[in-house]
1. Across 5 Å bins from 0, what is the distribution of all Cα-Cα pair distances for region 42-194, in whole percents?
2. In µm²/s, what is D for region 264-345 at 20 °C and 1.002 mPa s, where D = kT/(6 pi eta Rh) by Stokes-Einstein and Rh is the Kirkwood radius from Cα pairs?
3. Does anything in region 309-345 have its amide N under 11 Å from the 7 Å Cα→Cβ label point of residue 302, and if so which residues?
4. So for the pair residue 212, residue 75, with labels modelled 7 Å out along Cα→Cβ, what separation do we get in nm?
5. Using only Cα positions of region 95-160, each an equal point scatterer, no hydration layer, compute I(q)/I(0) via Debye at q = 0.15, 0.22, 0.28, 0.29 Å⁻¹ and quote the log10 values to two decimals.
6. For region 256-284 and region 54-96, compute the distance between their C-alpha centroids and round to whole Å.
7. Hey, quick one: spin label on residue 294, modelled 7 Å out along Cα-Cβ, who in region 302-335 has an amide N within reach, i.e. under 14 Å?
8. What nm value, rounded to one decimal, do you get for the distance between residue 167 and residue 119 when each label is placed 7 Å out toward the C-beta?
Amino acid sequence: MRLKLLCIAKIIVIAMHWQLLICAEQYDPNITMVDIGSSRLHYRPIGEKFKGKGPTVIFEHGLHCESSYWNIIQKKLIEHEIYSCSYDRAGLGFSSRSLAPRTAANIVKDLHLLLKTANIPGPYILVGHSFGGLCTQLYCATYPEQVVGMVLIESVHEDMLIDMPKKMIESWEWQRYKLSLVRYIPVQILAKIGQETERNKLKNEISYPIDFIDERLHNIFRQSYFLTLYNEIENVYESLNQVKNSCRFFGNIPLIVIIADNFEDVSAYGCGNLHDFDKATQNLFIDTCKKHKEQQLSRSSCSFKELWTPSGCSHRVPLENPDVIVSSVKYVWDYALLMSAASNN
């Protein structure tokens, strides 16, 4: 009986895998995919003519995101002659699902295989947003010889669910439970209920670019998306522990840590609006975020490490102020080149 259930599960995953590939090719026949064995991953290499002329910038997106978050930033980096690559984690965006638990360690393994299989040359400057920052830290700890710089944007800290105010942790746990129920709702119903609402929110409230909105709506209202998002969140505690046990020190690499200036919207933490909580909880949350970013900054021994706070930005810095991300990447990229030149002389 157990074997039959396993076979049925595999058939369902394979069917969803091919359905996703067909949808992806219908949306854009020129998308770039690579087979890493456990999944087929979609990746976006931009600036091919600058490939190998300096460090390659690798982007890792956050939870509830995909590679399209980095489109504007990658295009702007071409102006600085910088080659970069973003990708969709397994089960998100255009990438097919993986049977492996969506922990930070497995995500790092997938990224390593993608870079190797797709011939994306190192060394790398890693740029991680939110949960993606957690994964880039673990990548740096796992493959330190490949990493020559990092930009951490509103990155998750391994002690987040220990140090956050108790009321906000309870709110986060409640949101996690609700997501566990959403994964059982047929995707057609989710799309009918939420697609137009999501479009209006992205267009009117946050003013996201139209091409980003179209691609995002195409990608997120899929069963595979909700299943993978739940899998990543369900394994957050394991991911936090993996980073806690590995990422004590980043080494001598240039590092920029970016922290929000506007903490009003904490929906990215599964907590709604910060003003829904009492003043003591609000202050503790903001102080904890700042403390965590300072701790991350201290893990580099390089003389070039800076904490940036772009004015007015919330947790969604890559979409609200792409220019500050471009500037931070350029600073780290230039310094990494200087360090490389100095070591070769």
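1. 2, 8, 15, 20, 19, 14, 10, 7, 4, 1, 0
2. 140 µm²/s
3. It comes to 329-340, nothing else.
4. Going by the 7 Å Cα→Cβ label model, 1.1 nm.
5. Here log10 of I(q) over I(0) equals -0.47, -0.99, -1.33, -1.36.
6. Using only Cα atoms to place each centre, the spacing works out to 26 Å.
7. Flagged as within label range: 307-308.
8. Output for this residue pair reads 5.7 nm.
The numbers here are math on the coordinates, done by the rules we state, and not lab data. Just so you know, these numbers come straight off a predicted model, no measurement behind them. Using ideal geometry, Cβ is built from the backbone for each residue, glycine included, and neighbour counts are taken over all protein chains shown.
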